[in-house]
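J.: Structure incoming, see below.
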2 protein chains.
Amino acid sequence: MAHVTTPPTRPEEDAAAATSEPAPPSPPTIYDVAKAAGVATSTVSRAFSRPGRVNAETAARVRRIAEEIGYRTNPMARALHTGRTSLLALVVADVTNPFFFEIIRGAEAAAAEKGYTMLVADVQESAESERLALDRTLPLVEGLVLATSRMSDSSIRVAAKQRPTVVLNRVMTDVTSVVTDNRRGTRAAVEHLVGLGHRSITYVAGPEASWVDGVRWRTLHEAGQELGLRVRRTAPQAPTLDGGRSAAQAVLATPSTAVVAYNDLLAIGLCQELAARGTDVPGDRSVVGFDDIFGADFCSPPLTTVAAPLRATGAHAVGLLLEQVGTRRPVVHRPALLPARLVVRRSTGPAR
Amino acid sequence: MAHVTTPPTRPEEDAAAATSEPAPPSPPTIYDVAKAAGVATSTVSRAFSRPGRVNAETAARVRRIAEEIGYRTNPMARALHTGRTSLLALVVADVTNPFFFEIIRGAEAAAAEKGYTMLVADVQESAESERLALDRTLPLVEGLVLATSRMSDSSIRVAAKQRPTVVLNRVMTDVTSVVTDNRRGTRAAVEHLVGLGHRSITYVAGPEASWVDGVRWRTLHEAGQELGLRVRRTAPQAPTLDGGRSAAQAVLATPSTAVVAYNDLLAIGLCQELAARGTDVPGDRSVVGFDDIFGADFCSPPLTTVAAPLRATGAHAVGLLLEQVGTRRPVVHRPALLPARLVVRRSTGPAR
DNA sequence: CAAACGATGGCAACCGTTTGTCATCGGGTT
DNA sequence: AACCCGATGACAAACGGTTGCCATCGTTTG
């Protein structure tokens, strides 16, 4: 028996259905309310938007009648005149990357709290479709949060010129940004490893286009210098499980007893492949990731990682965004630095 | 060259700000294009929407000029008149649940391909905020996909009356739905376990409000009867890692050698807790999940699971939705059944 | 008692597109 | 030469709210 996937449309529908429902009744407008209440449309409008502007009694009556009729203000009509759509866009490189989960959550919650709706656009790691998505959504929204944009700074500026914008995990001079404190986070990781006796660390690099990758590597490098460590770096990897797996070879080729990976996905992939090759983590090598994504606690072994305040990042970004949305003139804050926190699990241990 | 648009009496804002940027230039409208091209606005409009309706030459000229000026049609103005917003909403119970990743991806891709933008709304497992989200988004969108709605059938019908709607993982008589073939999937899991010698299975139940939970349990129960198995069921659990952990106690209290969990999250949580209590999986108990979410392959042990065609589900739902969007009269298809597939990994093994 | 005033509500002009309807025009028919 | 016709483009009326401005009215103030 075959699985019926697309049952064809049934053509007899029209005639049959016409009996059940008489007509698609168009929803009541402000005119209907005005007529029913015996006032002008302007009064109805103001009863909602400027409660002080009309007599309290009148306003109450209008609202009651609107309620009865089932009136709901048409957001498009409002937007046409005011420009206020109550829509915000959050552009993420990849919705399926757990890194964005809590960011989305935080952003959405903060937006909803202020009466805004979040439009989440997934651009599948491509600058091209990111531009496309912006084209589509920019005219609709009042503000923009770019989480890990893959576009150039100048493309971002173009967008930022059109709508208030906040970027995440990337620092720009003329666009407000929110980043986690990668320097401190990285240092915490290094100190943790040093405390366990490690004297040599390999960094598994992420995408070259990543601003954050640069920061993490540089800090690691500096810290290494200061503390007299031997620090190495692999070739850039895609920030995925597969990227991590394919870095195993390079890692095993080094004598480093500790590995710091660009992010958790990479770290988890690496652990998998190391295990497959008979290398024990943390017995033979210690592994640290970044971000503390979903899964970092139930992979094997549970991952020691520099946790990013993902949810707070999303929420904070929206907060900053909303500050700008009202004002005519764009406000650029200096980068907000959110604290990172080292979470020690079982992928790190004493050096061999 | 300046195309003087509509000179809206702009009382030259504060002098101070005027230094940085001259003025927030309002984007060009159809009027600007019309004037520049020396035609009426209707011609401009039709040059885009009804290319056949105007002289090909004129149309080309208009479009060229529009391009030069940087004209983009204002979606709100269009929507106000036509009702077409090119927006679809996908309501998910929990964006941070990996179950939805590929559904979102599939839906978004299918929507984008047809020129629609997906609005993803997270309702945090609450019927209350689901209603709220619908209130906010319903007037904006042309169609609705409800993935695992937590609302009652009647609430769903109310929404479906206002906009074309497709529900996922739930079967309703008068709303189009897309579900995975849970019956076959469940049977496959049971047969797999029986093949390994298990004669007694415990089902770790999911939320009572879940339609899918009912199907899975009933099928499991039936299959048990037919095959002469001993089948038990735990109390309902939240479909999360924690839910899985807290089910461990109940599972250990049974003599069942195999466990089928409502979903992967539950299964993974259960495995964790079993491990913590010294129970070996699959040595002492075999565990099967549902859905094959992100993480099912790298948890410990990698999970045997009934994989749902998540991406196809999302895409298919949008396909069905878009069929209805054009038509005035709602079309209800019968439920589309998408095939499930058993993925055997290492959480199942021979019965003790 | 007149002038001034604050509160309140209505009028009408937008916001930017779409689209039904109508006028015009050049050309082909008869 | 009268007529009809298709093609093309302009006019103007929506779509559903918002808001600046004015008229009215009952009060307060000098």
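J.: Where the label is 7 Å out from Cα toward Cβ, how close does A:Arg64 come to the same position in every other copy, in nm, shortest first?
T.: In nanometres, ordered from closest: 6.4.
J.: What length, rounded to one decimal in nm, is gained on full extension from A:Thr41 through to A:Glu67, with 0.36 nm per residue of separation minus their alpha-carbon distance?
T.: Gain on stretching A:Thr41 to A:Glu67: 7.8 nm.
J.: Looking at the range B:191-284, which GluC sites (Glu not before Pro) are in a loop (DSSP not H, G, I, E or B) and have at most 14 other Cβ atoms within 10 Å?
T.: Sites meeting the loop and neighbour criteria: B:Glu208.
J.: Using every alpha carbon pair in the range B:192-238, what percent of pairs falls into each 5 Å bin from 0 up to the bin containing the largest distance?
T.: Taking all Cα pairs of the range B:192-238, the binned fractions are 5, 22, 29, 22, 14, 7, 0 percent.
J.: Next up: Considering the options A:Ile156, B:Gly289, B:Ile268, tell which one lies farthest towards the positive end of the dipole of the protein assembly as shown, charges being +1 on Lys and Arg and -1 on Asp and Glu at the Cβ, about the Cα centre.
T.: It is A:Ile156, whose Cα lies furthest towards the positive end.
J.: What value, in deg cm²/dmol to 500, does the helix sum -39500 (n - 2.57) over DSSP H runs of n ≥ 4 give at 222 nm once divided by the residues of chain B? Spell out each step's value before the answer.
T.: Numbers: 12 runs with 147 residues, N = 352.
Value at 222 nm, helices only, nearest 500: -13000 deg cm²/dmol.
J.: Pick out, from B:Ile69, B:Ala79, B:Ser26, the residue whose Cα sits farthest towards the positive end of the charge dipole of chain B, with +1 on the Cβ of Lys and Arg and -1 on the Cβ of Asp and Glu.
T.: Among B:Ile69, B:Ala79, B:Ser26, the one farthest towards the positive end of the dipole of chain B is B:Ala79.
J.: With θ taken as phi - 60° and the coefficients 6.51, -1.76 and 1.60, list the Karplus ³J(HN,Hα) couplings across the range A:29-42 in order, rounded to whole Hz; mark glycine and proline as x.
T.: 10, 5, 5, 4, 5, 4, 5, 4, 8, x, 10, 7, 4, 4
J.: Enter the mean number of other protein chain beta carbons within 10 Å of the beta carbon of each residue in B:76-82, as an integer.
T.: On the way: counts 11, 4, 2, 7, 8, 2, 0.
What the average comes to for B:76-82 is 5.
J.: Apply 1/(1 + (r/R0)^6) to the Cβ-Cβ distance of A:Ala275 and A:Thr173, taking R0 = 35 Å, and write down the FRET efficiency to the nearest 0.05. Before the final figure, lay out each step's value.
T.: On the way: r = 44 Å, r/R0 = 1.26.
Efficiency at R0 = 35 Å is approximately 0.20.
J.: Label-to-label distances across copies for B:Ala40, with labels 7 Å out along Cα→Cβ, in nm, shortest first?
T.: Nearest to farthest, the other copies are at 3.1 nm.
J.: Quick one: dipole size for the range B:17-73, taken about the Cα centre, charges +1 on Lys/Arg Cβ and -1 on Asp/Glu Cβ, in debye to the nearest 20. Could the numbers behind the result be given before it?
T.: On the way: 8 positive and 5 negative charges, 73 e Å.
Computed charge dipole of the range B:17-73: roughly 340 debye.
J.: Counting each pair of different Cα atoms once, what's the Kirkwood radius of chain A in Å, rounded to one decimal? Intermediate results must be reported in sequence, preceding the final value.
T.: Details: mean 1/r = 0.0424 Å⁻¹.
Value: 23.6 Å, from the Cα pair sum.
J.: Could you tell me the largest-minus-smallest coordinate of the C-alpha atoms of the range A:25-72 on each of the three principal axes, in descending order and whole angstroms?
T.: The principal-axis extents, from largest down, are 33, 17, 16 Å.
J.: Under 15 Å from a label point 7 Å along Cα→Cβ of A:Ala127: give me every residue in the range A:146-175 with its amide N that close.
T.: Answer for this model: A:148-159.
J.: A further question on this structure: Among all the lysines, which ones have a C-alpha under 30 Å from A:Lys114's C-alpha, if same-chain residues fewer than 8 places away are not counted?
T.: Within the straight-line cut-off, A:Lys114 pairs with A:Lys161, B:Lys161.
J.: Sticking with this one: Among A:Leu90, B:Leu220, B:Leu227, what is the fewest-to-most ranking by other Cβ atoms within 10 Å? Walk me through the intermediate numbers first.
T.: Working: A:Leu90 29, B:Leu220 23, B:Leu227 15.
Fewest to most other Cβ atoms nearby, the residues stand as B:Leu227, B:Leu220, A:Leu90.
J.: Which residues' amide hydrogens lie under 5 Å from the amide hydrogen of A:Asp291, considering only partners 5 or more residues apart or on another chain, with H built in the peptide plane?
T.: A:Val306, A:Ala307, A:Ala308
J.: Could you pull out which residues in the range A:256-299 have an amide N less than 16 Å from a spot 7 Å beyond the Cα of A:Arg199, following the Cα-Cβ vector?
T.: A:256-258
J.: Same structure, new question: Spelling out what I want: for every residue of the range B:275-289, take phi, set θ = phi - 60°, compute 6.51 cos²θ - 1.76 cosθ + 1.60 (Karplus), and round to whole Hz; glycine and proline get x.
T.: 4, 4, 9, x, 8, 8, 10, x, x, 8, 9, 9, 10, 10, x
J.: Loop only per DSSP, at most 16 neighbouring Cβ atoms within 10 Å: give me the trypsin sites (Lys or Arg not before Pro) in the range B:272-343, ordered by residue number.
T.: Details: sites: B:Arg277, B:Arg285, B:Arg311, B:Arg328, B:Arg341; in loops: B:Arg277, B:Arg285, B:Arg328.
When the trypsin sites (Lys or Arg not before Pro) of the range B:272-343 are filtered for loop state and at most 16 Cβ neighbours within 10 Å, B:Arg277, B:Arg328 remain.
J.: I would also like to ask the following. Counting other Cβ atoms within 10 Å of each Cβ, which trypsin sites (Lys or Arg not before Pro) in the range A:49-81 have at most 10 and sit in a DSSP loop? Kindly include the intermediate steps, with their values, before the conclusion.
T.: Details: sites: A:Arg53, A:Arg61, A:Arg63, A:Arg64, A:Arg72, A:Arg78; in loops: A:Arg72.
Passing both the DSSP loop test and the Cβ count: no residue.
J.: Please give, to one decimal in nm, the separation of the simple spin-label points placed at A:Arg334 and A:Asp242, each 7 Å out from Cα toward the Cβ.
T.: My value for the distance between the label points is 4.3 nm.
J.: While we're looking at this one, here's another question. One decimal, nm, shortest first: give the distances between the label point of A:Pro350 and those of the same position in the other copies, each label point 7 Å from Cα along Cα→Cβ.
T.: Distances between equivalent label points, in nm: 4.0.
J.: In whole Hz and in residue order, list the ³J(HN,Hα) couplings for the range A:178-189 that follow from phi through the Karplus curve 6.51 cos²θ - 1.76 cosθ + 1.60, θ = phi - 60°; x for Gly and Pro.
T.: Computed from phi, the couplings for the range A:178-189 are 10, 9, 7, 6, 5, 4, 5, x, 5, 4, 4, 5 Hz.
J.: Sticking with this one: Per residue, how much space in cubic angstrom lies within the convex hull of the C-alpha atoms of the range B:182-308?
T.: On the way: hull volume 11.1 nm³, N = 127.
Per-residue hull volume (Cα only) is 88 Å³.
J.: Add +1 for every Lys or Arg and -1 for every Asp or Glu among the other residues with Cβ under 12 Å from the Cβ of A:Tyr262, and state the total.
T.: On the way: positive: A:Arg216, A:Arg233; negative: A:Glu208, A:Asp213, A:Asp264, A:Asp291.
Summing Lys/Arg as +1 and Asp/Glu as -1 gives -2.
J.: Quick one: dipole size for the protein assembly as shown, taken about the Cα centre, charges +1 on Lys/Arg Cβ and -1 on Asp/Glu Cβ, in debye to the nearest 20.
T.: Working: 80 positive and 70 negative charges, 114 e Å.
Charge dipole, the protein assembly as shown, about its Cα centre: 540 debye, nearest 20.
J.: Amide H neighbours of A:Ala121 under 5 Å, counting only residues 5+ apart in sequence or on other chains, H built in-plane at 1.01 Å?
T.: Under 5 Å from the amide H of A:Ala121: A:Leu90, A:Val91, A:Val92.
J.: Rounded to a whole number, what is D in µm²/s for the protein assembly as shown from Stokes-Einstein with the Kirkwood radius over alpha-carbon pairs (25 °C, 0.890 mPa s)? Provide the component values of the computation, followed by the final result.
T.: Working: Rh = 28.1 Å.
After rounding, the answer is 87 µm²/s.
J.: Using 7 Å Cα-to-Cβ label points, what is the B:His81/B:Asp135 separation (nm, one decimal)?
T.: Computed distance between label sites B:His81 and B:Asp135 equals 3.3 nm.
J.: In Å and whole numbers, how far do the C-alpha atoms of the range B:253-350 stretch along each principal axis, longest first?
T.: Extents along the principal axes, in whole Å: 60, 25, 20.
J.: Given points 7 Å out from each Cα along the Cα-Cβ axis, report the A:Thr327 to B:Leu252 separation in nanometres with one decimal.
T.: Roughly 5.8 nm, to one decimal.
J.: Next question. Answer with one residue from B:Ala258, B:Val190, B:Val231: the one whose Cα lies farthest towards the positive end of the charge dipole of the range B:182-308, charges on Cβ with Lys, Arg +1 and Asp, Glu -1.
T.: B:Val231
J.: Using amide H atoms built in the peptide plane, which far-off residues or other-chain residues are under 5 Å from B:Leu87 H to H?
T.: For B:Leu87, the qualifying residues are B:Thr117, B:Glu142.
J.: Ranked by Cβ crowding within 10 angstrom, fewest neighbours first, how are A:Asp242, A:Asp181 ordered? Write down the numbers at each step before the final one.
T.: Values: A:Asp242 14, A:Asp181 18.
Least to most surrounded, the residues fall as A:Asp242, A:Asp181.
All of the numbers you see were taken from the coordinates with simple rules; none came from a lab. Keep in mind it's a predicted model, so treat the numbers as computed, not measured. Every residue, glycine as well, gets a Cβ built from its backbone with ideal geometry; the counts of neighbours run over all protein chains shown.
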